[in-house]
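The values are calculated or read from the model by the stated rules, or taken from the named source; none is laboratory data. These numbers were taken from a predicted model, which means no experiment stands behind them. Please note: Cβ atoms are built from the backbone with ideal geometry, for glycine as well, and neighbour counts cover all protein chains shown. In case anyone asks, the SASA skips ligands and DNA or RNA and just uses the protein heavy atoms, side chains included. Shrake-Rupley method; radii C 1.70, N 1.55, O 1.52, S 1.80 Å.
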Amino acid sequence: MSTEQTTAWGDAEGRRRDILASAEHLLEEQGYAGLTMRAIAVGAGVSSGTVYQYFSGKEDVFAALMERRLDALRETLATVDRTLGIAGVLRAVQPQVTELWRRFGRSAAQWEAKVLSGGPRGKEVTGSAQVYRKTIKALGQALAETAEACGQVLIDDPALPHWVWDSLIGLADDLLLQGARTSRVKPAHLIEFAAGAIERGVVRP
């Protein structure tokens, strides 16, 4: 992919968007291994040096892509109707979670190793780790507010939002791989069942 340049010279934010658009396309088509600074530059229609002006390496580019998706998900969590109930809130955010996993799932191990583990980190990687933590916090807050709106009480455990997040990722993975279809379970039914099961798993009886 090459983004034939419509970005005006001097438009730093526009150039950054071009670079990220090229990187996202590469990541989806070739995975993390294909995400090189040179390939990103070719796709964005700029020099490799220009890409390095914005990002210190491909880890930072990848982290920036994840950060953008997590930001959007966090906005949804902040605004979704609490009266939908916990299962309804989970159904509302599942499409975004599934799309995130579709684009980045193959490279999740590399992202987690760079973002969630210790060691030296670039600015984008550090920022993405913070956004991830904010997303988990936003998920927990949305669940708590929804439970309160519906007269329910959540299990008091700091692991709860992490478990719910992992459950949503697992659901996304099955939807993308169509695992449940092998047992003739339709995606809509799987989502309905999973959202209900998660709700039952986090609410005090």
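I need the full set of residues from region 162-192 which are open to solvent by less than 100 Å² (accessible area, probe 1.4 Å) and either under 16 Å from residue 204 (Cβ atoms) or of a type in the set (Lys, Arg) (or both), in order please.
Matches in region 162-192: 164 only.
Please note which helices (runs of 4 or more DSSP H) are completely contained in region 1-103 and include at least 3 residues that are in contact (Cβ under 8 Å) with a residue 40 or more places away in the chain and either among the aromatic types (Phe, Trp, Tyr) or out of contact with any Phe, Trp or Tyr (no Cβ under 7 Å at 6 or more places or on another chain) (or both). Spell out the reasoning first.
On the way: elements: 12-30, 37-44, 48-54, 58-79.
So the answer is 12-30, 37-44, 58-79.
So if I check each of 74, 15, 82, which one is modelled with pLDDT of 95 or more, open to solvent by less than 60 Å² (accessible area, probe 1.4 Å) and among the basic types (Lys, Arg)? Let's see the steps before the verdict.
Working: 74 fails: open to solvent by less than 60 Å² (accessible area, probe 1.4 Å); 15 fails: modelled with pLDDT of 95 or more.
That would be 82, the only listed residue that is modelled with pLDDT of 95 or more, open to solvent by less than 60 Å² (accessible area, probe 1.4 Å) and among the basic types (Lys, Arg).
For residues in region 50-59 being farther than 13 Å from residue 15 by Cα and open to solvent by 30 Å² or more (accessible area, probe 1.4 Å), which is modelled with the lowest pLDDT? Don't jump to the end; show me each part of the working.
Here is the first cut: in region 50-59, the residues farther than 13 Å from residue 15 by Cα are 56-59.
From what's left, open to solvent by 30 Å² or more (accessible area, probe 1.4 Å): 56, 58-59.
Details: 56: 88, 58: 85, 59: 82.
Going through the qualifying residues, I end up with 59.
Considering (1) modelled with pLDDT of 95 or more; (2) of a type in the set (S, T, N, Q); (3) open to solvent by less than 60 Å² (accessible area, probe 1.4 Å), say which one residue 107 fails and leave the rest.
(1)
Can you name every residue in region 110-125 that is of a type in the set (S, T, N, Q) and modelled with pLDDT of 60 or more?
Of all residues in region 110-125, those of a type in the set (S, T, N, Q) come to 110, 117.
The one that is of a type in the set (S, T, N, Q) and modelled with pLDDT of 60 or more: 110.
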